[in-house]
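Only the coordinates and a few stated rules stand behind these numbers; no lab work does. Here the structure is a predicted model, which is why all the values come from computation and not from measurement. Here the Cβ is made from the backbone with ideal geometry for all residues, glycine too, and neighbour counts use every protein chain on show.
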Amino acid sequence: MVADINFIIVTGIATKDAVLRRRPSGVVKAEFSMEVARPFFKANGEPISDLFLVDVYGQLAEQCAQFVKQGSRLLVIGTLNKESFVTRTGRREHLTVIKAKFIKPLGDPITQIGDVTLEELRRDLWGQATVAAYLAALEEIFERVAKG
């Protein structure tokens, strides 16, 4: 049996510096949040974005503590994980977190995804051409990352 795929790629802006902590087990963990812009705007023209919490472990966590600063533009590749915790009031809460496996600072924001229009990005269903354009944009990002 083949495992299901849990894979996420996001680019966005760190909204706070990475905080490094050592867990009771001795494992090093860094955490930060990042804002990922959507191709939508509110009626008043304000952009809409998503806020993600990002957890990083081990050597990558130690590196993140050095370069992930508020305002940094980042490429994050990892998995989505659902975590639960109990609040101070005893209520159980759930949280979706990106468990980062790869993080790289990016320079300029991605302003164009092939010939895809903003209207296409807003659709509830993307056609093959839109998906192909996104994959081509990812390839361009990875080429930029590989060059340093």
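Some notes on this structure:
- Looking at segment 1-109, the DSSP beta bridges with both ends there are about 90 percent antiparallel.
- Degrees, to the nearest 10: 58-67 long Cα axis against longest axis of the chain: 70 degrees
- Estimated inter-spin distance, residue 93 and residue 50, nm [label 7 Å along Cα→Cβ]: 1.9 nm
- Based on alpha-carbon atoms, the Kirkwood radius and the radius of gyration of the chain give Rg/Rh equal to 1.00.
- Residue order, fewest to most beta carbons within 10 Å, for 35, 143: 143, 35
- Computed E for residue 82/residue 124 - FRET, C-beta separation, R0 25 angstrom, nearest 0.05: 0.55
- The angle between the Cα long axis of helix 128-147 and the longest principal axis of the Cα atoms of the chain comes to about 60 degrees, rounded to the nearest 10.
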